[in-house]
Amino acid sequence: MLKDGDTICIASSVAFHSCVKEFPKNIAAADWLLTLGDASGAFCVIASRTGNRYTINGTYYIADNYDFDKNDYNAILPGLTNDAMFKLHSAGVAQAFCIHGEMEMNYVF
């Protein structure tokens, strides 16, 4: 609970796993699953109170590297394993890169 005029900042950092038990039928969800797999996320919220009005401004941050594990034979797609992708990257045939982004949310109540 905030007193009138107070502002508070709350930040949390958690790892999450974007995989689902079944391969998604929606192409946008499949893209999310295949590109991220495991990724790191953090959420930062600034909440304030003025009278009976609360304002919450939040930003969700995400960061992920295309990183593949040697000797991980789990399939990314049928016939394509983490190990195979690791070998392509190690040989310089493919290139790992970083994904990052943020999304802002604002609520007043």
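Please treat every number below as a calculation from the coordinates, not as lab data. This one's a predicted model, so the numbers in the text were calculated from it and none came from an experiment. Cβ: placed from backbone, ideal geometry, glycine included. Neighbour counts: every protein chain shown.
For the reader, a short list of remarks on this structure follows.
- Approximating the spin labels as points 7 Å out from Cα along Cα→Cβ, the CYS44-to-ALA91 distance works out to 4.2 nm.
- The Cβ shell under 15 Å around ARG49 holds other residues with a net charge of 0, Lys and Arg each +1, Asp and Glu each -1.
- Per-residue HN-Hα couplings for the stretch 52-67 [Karplus 6.51, -1.76, 1.60; θ = phi - 60°; Hz; x = Gly/Pro]: 9, 10, 10, 10, 10, 10, x, 10, 9, 10, 9, 9, 7, 10, 6, 10
- Spin-label pair GLU102/TYR73, simplified geometry with 7 Å Cα→Cβ offset, distance in nm: 4.4 nm
- Radius ratio Rg over Rh of the stretch 48-107, counting only Cα atoms, Kirkwood formula for Rh: 1.37
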